[in-house]
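Structure record follows, encoded as structure tokens.
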Amino acid sequence: MSTMKLKFPFDPLQRSEEVERLVMKNGKRLYYRFRSAPYYGGIATADAVGCSFLCAYCWNYFRNLNPARFDKFYSAQQVALNLLKIARRKSFNLFRITGSEPILGEASLGHLIEVLKDIFHEKPYSVFILETNGFFLGKRLDLIKKLKFENLWIRISLKGVDENSFELVTGAKREFFQYPLIALKELENLGLKAWPAVMRNLFTNDEIARLEKLLAEYKINARLEEEILEEYPFVIENMKKRNVKTRESNL
Ligand code: SF4
């Protein structure tokens with residue numbers, strides 16, 4: 001399979017469509033690993049590939065740069081089964097899909113919803129943490145109601161504090177900065193549990209304060225979670241190449 005061509009800044013909608021065509025096949029999605037992870041106090045985790053963005057600090061950068069090099073597609077039922085097995089073995093009550101963007105378009109959203117249905121059917125009191133960049137949901141607000149599950153917690157990772165930092169960090173065109181915020185607002189309107197997160201080390205106190213002001217302007221009530229950068233050597237290298245600096249060097 002060929003490497004995807006990518007010129008910065010790119011149109012994330014077009015990229016979402018291209019990536020979804022690579023990572024979805026007949027309702028099945030590409031995954032490369034299932035594991036127990038220590039985050040959130042222990043969580044059954046499925047690692048998938050494929051994202052609408054290509055963040056300079058992505059810990060899955062090279063897999064997301066070229067998802068076509070993977071070839072193992074899993075049905076939603078297989079994914080749920082693998083996650084439930086891990087949860088049973090480790091006595092976990094938490095689930096997630098990570099390493100990628102779970103919602104690239106309608107096909108991947110449909111796959112995710114099937115995974116959620118199976119997990120909540122087997123373990124109704126468990127919690128699924130949906131880690132998403134919120135881009136596609138912001139573009140297609142009409143689809144958000146499909147995510148109405150009582151124990152689904154949606155964490156929207158905001159990549160920038162404004163259009164400039166969004167474009168620099170994600171590689172996606174600046175005009176798409178607002179979509180995750182629009183998604184968050186709609187999630188709150190519909191009464192779903194959702195909150196924003198941002199990579200703290202990348203921004204100054206003033207920039208974070210500006211983002212909080214913007215969230216307030218959108219009338220988003222949820223508290224902003226602050227993520228901490230995992231400084232793997234390849235992450236630092238990629239950030240240098242993309243001219244993304246940590247907060248210490250911004251101050
Ligand atoms: S949105 Fe997440 S998965 Fe996608 S490139 Fe950025 S950090 Fe990686």
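The values are calculated or read from the model by the stated rules, or taken from the named source; none is laboratory data. Just so it is clear, the model here is predicted, and its values are computed rather than measured. Here Cβ is always computed from backbone atoms with ideal geometry, including for glycine, and neighbour counts include all displayed protein chains. Keep in mind that these areas ignore ligands, DNA and RNA; they rest on the heavy atoms of the full protein, side chains included. Shrake-Rupley method; radii C 1.70, N 1.55, O 1.52, S 1.80 Å.
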### Query
Which residues, taken from the range 34-72, are basic (Lys, Arg) and touching a residue at least 40 places away in the same chain (Cβ under 8 Å)?
Arg35, Arg69, Lys72
### Task
Look through the range 121-131, keep the residues that are touching a residue at least 12 places away in the same chain (Cβ under 8 Å) and open to solvent by 10 Å² or more (accessible area, probe 1.4 Å), and return whichever of them is nearest to the ligand (Cβ to nearest atom).
Glu131
### Matching residues, the range 1-49, being assigned to a helix (DSSP H, G or I) and touching a Phe, Trp or Tyr at 6+ places or on another chain (Cβ under 7 Å)
Pro12, Ser16
### Task
Taking only the range 50-76 into account, find how many residues are part of a loop (DSSP other than H, G, I, E, B), near the ligand (Cβ under 9 Å from one of its atoms) and among the aromatic types (Phe, Trp, Tyr).
3
## Note on the structure
Quick count over the range 1-19, residues being in contact (Cβ under 8 Å) with a residue 24 or more places away in the chain and either out of contact with any Gly (no Cβ under 8 Å at 6 or more places or on another chain) or surrounded by 23 or more Cβ atoms within 10 Å (Cβ to Cβ) (or both), is 10
### Query
Which condition breaks for Asp71 when tested against (1) open to solvent by 60 Å² or more (accessible area, probe 1.4 Å); (2) at pLDDT 95 or above; (3) acidic (Asp, Glu)?
(2)
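On the basis of being among the β-branched types (Val, Ile, Thr) and within 23 Å of Pro67 (Cβ to Cβ), does Ile119 make the cut?
For Ile119, the condition - among the β-branched types (Val, Ile, Thr) and within 23 Å of Pro67 (Cβ to Cβ) - is not met.
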### Task
Would you mind telling me which numbered condition in (1) within 16 Å of the ligand (Cβ to nearest atom); (2) touching a strand residue (DSSP E or B) at 6+ places or on another chain (Cβ under 7 Å); (3) assigned to a helix (DSSP H, G or I) His111 fails?
(1)
## Note on the structure
How many residues of the range 230-248 are under 18 Å from Phe166 (Cα atoms) and open to solvent by 60 Å² or more (accessible area, probe 1.4 Å)? The answer is 4
### Summary
The residue that is surrounded by the fewest Cβ atoms within 10 Å (Cβ to Cβ), considering only those in the range 31-54 that are touching an Asp or Glu at 6+ places or on another chain (Cβ under 6 Å) and more than 16 Å from Ser75 (Cα to Cα), is Cys51
### Task
Taking only the range 84-104 into account, find how many residues are closer than 27 Å to Phe136 by Cβ and in a loop (DSSP other than H, G, I, E, B).
6
### Summary
Looking across the range 132-144 at residues that are under 13 Å from the mean Cα position of the chain (by Cα) and either without any contact (Cβ under 8 Å) to a residue 40 or more places away in the chain or not in a helix (DSSP H, G or I) (or both), the single one that is nearest to Leu184 (Cα to Cα) is Gly134
### Elements of type helices (runs of 4 or more DSSP H) in the range 172-251, at least 1 residues being hydroxyl-bearing (Ser, Thr, Tyr)
179-189, 247-250
